[in-house]
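*Asks:* Let me give you the structure first, and then I'll get to my questions.
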Amino acid sequence: MRHFIPLLGTLFIAITAQGSNLPDFPFVYAHGKAKIEVTPDIATISFHIEEFSEDATKAESIVRERSIEVLAFVSQQEVKKEDITAYEIDKRAAREMKDYEELNILGYEINRRIEVILRDLKKYETFAKKLLSLPNVTNLDTTFNRTNRKEIESELVAKACEDAREQARQMAVGFGVELGPVFAVSRSGFQDMATQFGVGMDEVRYQAMFDS
């Protein structure tokens with residue numbers, strides 16, 4: 001079982017020192033990337049217990065009984081109480097529709113969401129098989145993660161920044177100049193540099209026309 005944690009770091013690196021809010025051109029714009037493959041050590045399993053019936057009381061009774069069964073199974077797997085979240089039971093009336101108008105009530109849908117944090121992934125297969133075998137259990141969804149995710153992301157950011165810096169250095173060497181200090185860093189990129197640095201498009205176009 002593998003889980004990929006990709007991270008993209010973007011650097012805007014200026015070749016010369018900056019004396020104002022605007023970069024002194026020429027400059028180097030470089031993307032840095034870093035990716036690592038790690039095995040997850042924690043999983044969040046969420047699912048719903050649902051029942052539909054013309055009798056709301058009957059449907060609610062089934063959902064409650066199934067909830068007790070599921071929670072008993074979860075407890076047997078030595079999951080701590082603080083890692084179990086059982087939400088309130090939700091009730092929704094299903095009505096007959098005609099010409100976009102709601103008519104008679106056809107029945108009631110009773111729904112309850114349960115979320116479990118599983119810290120021992122050796123038990124995941126047992127969990128999945130049990131939940132899939134039970135009636136009324138729907139919308140099963142699992143999200144894998146790492147308990148030390150922040151530390152991993154910090155390491156990846158550093159590697160991505162170093163990668164961007166090295167790319168910028170190589171480009172600067174290609175132009176026969178030395179790489180200056182970092183002007184700006186962004187994890188989302190600089191899609192519109194003129195806006196990012198306070199220069200409107202009209203000003204940029206005017207400067208281009210003036211130079212020509």
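The values are calculated or read from the model by the stated rules, or taken from the named source; none is laboratory data. Predicted model only: the values in this text are computed from it and were never measured. Every residue, glycine as well, gets a Cβ built from its backbone with ideal geometry; the counts of neighbours run over all protein chains shown. Just the protein is used for accessible areas: all its heavy atoms, side chains included, with ligands, DNA and RNA removed. Shrake-Rupley method; radii C 1.70, N 1.55, O 1.52, S 1.80 Å.
*Asks:* For the range 191-204, does any single residue satisfy the condition of being polar (S, T, N, Q), modelled with pLDDT under 85, more than 30 Å from Ala86 (Cβ to Cβ) and not in a loop (DSSP other than H, G, I, E, B)?
*Replies:* So far as the range 191-204 goes, yes, one or more of its residues are polar (S, T, N, Q), modelled with pLDDT under 85, more than 30 Å from Ala86 (Cβ to Cβ) and not in a loop (DSSP other than H, G, I, E, B).
*Asks:* Just give me the residues in the range 57-71 being open to solvent by 20 Å² or more (accessible area, probe 1.4 Å) and more than 22 Å from Ile117 (Cβ to Cβ), in sequence order.
*Replies:* Filtering the range 57-71 down to residues open to solvent by 20 Å² or more (accessible area, probe 1.4 Å) leaves 57-58, 60-62, 64-66, 68-69, 71.
Of everything in the range 57-71, those that are open to solvent by 20 Å² or more (accessible area, probe 1.4 Å) and more than 22 Å from Ile117 (Cβ to Cβ) turn out to be Thr57, Lys58, Glu60, Ser61, Ile62, Arg64, Glu65.
*Asks:* OK, next. If Glu54 meets every condition in (1) free of Cβ contacts under 8 Å to residues at least 40 places away in the same chain; (2) closer than 20 Å to Asn111 by Cβ apart from one, which number is that one?
*Replies:* Only one criterion in (1) free of Cβ contacts under 8 Å to residues at least 40 places away in the same chain; (2) closer than 20 Å to Asn111 by Cβ is unmet by Glu54, namely (1).
*Asks:* Looking only at the range 131-145, count how many residues are open to solvent by 60 Å² or more (accessible area, probe 1.4 Å) and either touching a residue at least 24 places away in the same chain (Cβ under 8 Å) or not in a helix (DSSP H, G or I) (or both).
*Replies:* 5
*Asks:* Name the single residue that is nearest to Thr44 (Cα to Cα) among those in the range 123-151 being out of contact with any strand residue (DSSP E or B) (no Cβ under 8 Å at 6 or more places or on another chain) and of a type in the set (Asp, Glu).
*Replies:* Glu125
*Asks:* Shifting gears a bit: What number of residues within the range 36-61 satisfy the criterion of being β-branched (Val, Ile, Thr) and modelled with pLDDT of 95 or more?
*Replies:* Result for the range 36-61: 3.
*Asks:* If only one of Lys123, Lys150, Lys159 is modelled with pLDDT of 85 or more and open to solvent by less than 70 Å² (accessible area, probe 1.4 Å), which one is it?
*Replies:* None of the other options fit; the residue is Lys123.
Each row is one residue, and each column tells you yes or no for (1) open to solvent by 20 Å² or more (accessible area, probe 1.4 Å); (2) of a type in the set (Asp, Glu); (3) more than 15 Å from Asn139 (Cα to Cα); (4) not in a helix (DSSP H, G or I).
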| position | (1), (2), (3), (4) |
| --- | --- |
| His48 | yes, no, no, yes |
| Glu51 | yes, yes, no, yes |
| Thr85 | yes, no, yes, yes |
| Glu88 | yes, yes, yes, yes |
| Glu96 | yes, yes, yes, yes |
| Gly107 | no, no, yes, yes |
| Ile117 | yes, no, yes, yes |
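*Asks:* So is Ala168 open to solvent by less than 40 Å² (accessible area, probe 1.4 Å), in contact (Cβ under 8 Å) with a residue 12 or more places away in the chain and in a helix (DSSP H, G or I) or not?
*Replies:* Spelling it out, Ala168 is indeed open to solvent by less than 40 Å² (accessible area, probe 1.4 Å), in contact (Cβ under 8 Å) with a residue 12 or more places away in the chain and in a helix (DSSP H, G or I).
*Asks:* Only one of (1) in contact with a helix residue (DSSP H, G or I) (Cβ under 9 Å, 6 or more places away or on another chain); (2) at pLDDT 85 or above fails for Leu132. Which number is that?
*Replies:* (1)
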